[in-house]
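Reviewing the structure listed below.
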Amino acid sequence: MPDKKTLIIPLLLISVGAGWLLTTLGIAPGINWVWSLGLAIVGFLAFIVGGFDKVTFVIGTFFISASCLSVLRQTGRLALDVEVPILVIVSGITLLIARMQAIPNPNWTLEPPEG
């Protein structure tokens with residue numbers, strides 16, 4: 001299986017190109033796609049590179065949420081003074097969910113086997 005880190009550049013190019021095309025075609029004008037997609041990519045890369053654990057759940061979910069809210073703000077559907085409190089609430093909710101035993105601890109927090 002190829003290294004997961006080699007996905008970064010292709011995914012970044014596809015995402016920026018798709019956003020650029022949506023703006024050019026007038027489907028989603030006025031959106032800063034580099035910023036919005038950059039936030040989403042950071043969120044997805046947390047899962048791709050780091051796997052799924054308590055830390056990547058919180059980081060990934062936060063950045064993906066921030067990306068979606070950013071698009072809503074840039075299209076006039078959400079005000080900044082509403083976006084920021086929503087992100088604070090999302091942070092708290094993800095931190096609570098991450099406490100569940102069903103979500104694994106990160107490998108770097110586990111004690112190495114004695115040997």
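The values are calculated or read from the model by the stated rules, or taken from the named source; none is laboratory data. Model, not experiment: these values are computed from the prediction. Note that each Cβ is placed from the backbone with ideal geometry, even for glycine, and that neighbours are counted across all protein chains shown.
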(request) Inspect all residues belonging to the stretch 49-63 and state whether any of them is over 28 Å from residue 9 (Cα atoms), among the small types (Gly, Ala, Ser), at pLDDT 90 or above and outside any helix (DSSP H, G or I). (result) no
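Assigned to a helix (DSSP H, G or I) and either touching a residue at least 40 places away in the same chain (Cβ under 8 Å) or crowded, with 17+ Cβ neighbours inside 10 Å (or both): does that describe residue 91? Break it down stepwise before answering.
Values: assigned to a helix (DSSP H, G or I): yes; either touching a residue at least 40 places away in the same chain (Cβ under 8 Å) or crowded, with 17+ Cβ neighbours inside 10 Å (or both): no.
So residue 91 fails the test.
Would you mind stating whether residue 42 is in a helix (DSSP H, G or I), farther than 21 Å from residue 77 by Cβ and either among the small types (Gly, Ala, Ser) or without any contact (Cβ under 8 Å) to a residue 40 or more places away in the chain (or both)?
On the way: in a helix (DSSP H, G or I): yes; farther than 21 Å from residue 77 by Cβ: yes; either among the small types (Gly, Ala, Ser) or without any contact (Cβ under 8 Å) to a residue 40 or more places away in the chain (or both): yes.
Yes: the conditions hold for residue 42.
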(request) Answer yes or no as to whether residue 31 is more than 21 Å from residue 72 (Cβ to Cβ), surrounded by 13 or more Cβ atoms within 10 Å (Cβ to Cβ) and touching a residue at least 40 places away in the same chain (Cβ under 8 Å). (result) no
(request) Would you mind finding the one in 44, 52, 62, 57 that is among the aromatic types (Phe, Trp, Tyr) and surrounded by fewer than 16 Cβ atoms within 10 Å (Cβ to Cβ)? (result) 52
(request) Looking only at the stretch 5-25, decide whether some residue is modelled with pLDDT under 90 and closer than 19 Å to residue 106 by Cα. (result) yes
